[in-house]
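This report refers to the structure that appears directly beneath it.
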Amino acid sequence: MNSLEVTFRVIFGILWLVYFAVRLYFQRKVKGVGSYVRVNEKQEKLLFRLFALAYLVLPIYFLTPWVDFAHISMPVWLRWAGLIVTCGGIGLFGWAHQALGLNWTAVLALSEKHALVTSGPYRYIRHPMYTAFFVIGFGFLFLSANALVGVVYLGPLLLMYLSRFSAEEQMMIERFGERYRQYMKETGRILPRLMK
């Protein structure tokens, strides 16, 4: 393994640790806060565990050579771009968490005191946490130049997004009614609207 590849693996490992630390920090802040009404709890637990498992499998790339068989030939500049993309995704991830505050839950659920958050990145998009996940996933794929890293992370994420999105929007409409419908008109799902 050449020194540049070692550099990319070390950077990947550091970014994975930062990403993990951000999640743990905000998860601890909301631990034990209020009671939640869950939507489709069994499916939620399965999806959450699948995504968590994918997330925890990522260290195999930077700690072992076991997934080297899935290496993709990429230009070096694209791999460095992966570093920038991943950092941007982690920044958005932290910003979305900060804006949500105590309204955040890992599963599809609302608390009795749940507020409609429209500040921070939520001013532009309704689901910036998903945006951050996808940005981080593509950043990790480019940085690692490893197809298995991309499939292991992006596959469960796409499944979670597709199976949750409609239910999440419906849950918010039922809770916030016309306010949320108006908010939907002013914002994009996971990308900002170019025109309102």
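The values are calculated or read from the model by the stated rules, or taken from the named source; none is laboratory data. Here the structure is a predicted model, which means the values were calculated and not measured. Neighbour counts are summed over all protein chains in view; Cβ atoms, including those assigned to glycine, are modelled from backbone coordinates with ideal geometry.
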> Pairs, please: C-beta under 8 Å, at least 6 apart or cross-chain, first residue closer than 18 Å to residue 84 by Cα and in the range 1-27, second surrounded by fewer than 17 Cβ atoms within 10 Å (Cβ to Cβ) and at pLDDT below 95?
Replying inline: 13/59; 13/63; 16/59
> Which residue, of 76, 85, 57, is modelled with pLDDT under 95 and among the hydrophobic types (A, V, I, L, M, F, W, C)?
Replying inline: 57
>> Checking the structure you have, find out if any residue of the range 96-114 is part of a helix (DSSP H, G or I) and in contact with a Pro (Cβ under 7 Å, 6 or more places away or on another chain).
In response: yes
> Is there any pair linking a residue in the range 167-179 that is β-branched (Val, Ile, Thr) to one that is part of a helix (DSSP H, G or I), with Cβ under 9 Å and at least six apart or on different chains, and which?
Replying inline: 173/180; 173/181; 173/184
> Limited to the range 114-139, what total is found for residues that are of a type in the set (Gly, Ala, Ser), closer than 21 Å to residue 182 by Cα and surrounded by 15 or more Cβ atoms within 10 Å (Cβ to Cβ)?
Replying inline: 1
> Can you name every residue in the range 79-105 that is among the aliphatic types (A, V, I, L, M) and surrounded by 13 or more Cβ atoms within 10 Å (Cβ to Cβ)?
Replying inline: 81, 83, 85, 90, 92, 96, 99, 100, 102
> When the residues of the range 140-196 are filtered to those that are of a type in the set (Gly, Ala, Ser) and assigned to a helix (DSSP H, G or I), which remaining residue is surrounded by the fewest Cβ atoms within 10 Å (Cβ to Cβ)?
Replying inline: 166
> Has the range 163-183 got any residue that is at pLDDT 95 or above and of a type in the set (S, T, N, Q)?
Replying inline: yes
